[in-house]
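*Asks:* A single structure is presented below for examination.
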Amino acid sequence: MKQYFTVQELCYSDTAVAKHIDNTPTKQVEENLKRLIDFLNSLREKWGSGIRINSGYRCPALNKAVGGVPTSAHTTGNAVDL
């Protein structure tokens, strides 16, 4: 299966850049992101056209900066907004 998404893409955030927040995932979060990417790649294959990721992984500081709830699945690498 073709790879359409990367860990780096799911960790990129304009807010993190602007606020100088290090949004580097832990090893466990990176593993979660890789599983999520496998799902997203299969979804992309079935959809048949591009999927735009608006938000992926958020470290706790970034999650707080964007007004996310502390229990957000974004903080564990288990959610994306399309």
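*Asks:* Relative contact order (percent) for the chain, with alpha-carbon contacts under 8 angstrom and 6 or more residues of separation?
*Replies:* Relative contact order of the chain: 36 percent.
*Asks:* In Å², what does the accessible area per residue of the chain work out to with a 1.4 Å probe?
*Replies:* 65
*Asks:* Ok, one more. In whole percent, how big is the carbon plus sulfur part of the accessible area of the chain, probe 1.4 Å, protein atoms only?
*Replies:* C and S atoms contribute 54 percent here.
*Asks:* Also, I was wondering about something else. Which angle between 0 and 90 degrees, to the nearest 10, do you get for helix 27-47 versus the longest principal axis of the chain when only C-alpha atoms count?
*Replies:* In the chain, helix 27-47 runs at an angle near 40 degrees to the longest axis.
*Asks:* Turning to a different aspect of this structure: Whole Å is fine, so just give me how far the alpha carbon centre of the range 27-82 lies from that of the range 1-24.
*Replies:* 10
*Asks:* Could you tell me whether the range 1-61 comes out rounded, prolate or oblate from its Cα gyration tensor? Rule is a ≥ b ≥ c as square roots of the eigenvalues, rounded for a/c under 1.5, then prolate if a/b exceeds b/c, otherwise oblate.
*Replies:* oblate
*Asks:* Calculate the dipole size of the chain relative to its Cα centre from +1 charges on Lys and Arg beta carbons and -1 charges on Asp and Glu beta carbons; express the result in debye to the nearest 20.
*Replies:* Once rounded to the nearest 20, the dipole reads 80 debye.
*Asks:* Let me ask something else. Using a 10 angstrom Cβ neighbour count of at most 11 plus a DSSP loop assignment to flag exposed trypsin sites (Lys or Arg not before Pro), which longest range of the chain is free of such sites?
*Replies:* Here the longest segment lacking exposed loop sites spans 3-51.
*Asks:* Taking a ≥ b ≥ c as the square roots of the Cα gyration tensor eigenvalues, with a/c under 1.5 meaning rounded and otherwise prolate when a/b beats b/c, else oblate, which class fits the range 27-82?
*Replies:* oblate
*Asks:* Here's a follow-up. Using modelled backbone amide H atoms (1.01 Å from N, in-plane), which distant-in-sequence or interchain residues come within less than 5 Å of residue 55's amide H?
*Replies:* Here 81 satisfy the definition.
The values are calculated or read from the model by the stated rules, or taken from the named source; none is laboratory data. Since the structure is predicted, the reported quantities are computational estimates derived from the model, not experimental observations. Counting neighbours? That spans all protein chains shown, and the Cβs are built from the backbone with ideal geometry, glycine included. Note: accessible area is taken over every heavy atom of the protein model, side chains too, but ligands, DNA and RNA are not part of it. Shrake-Rupley method; radii C 1.70, N 1.55, O 1.52, S 1.80 Å.
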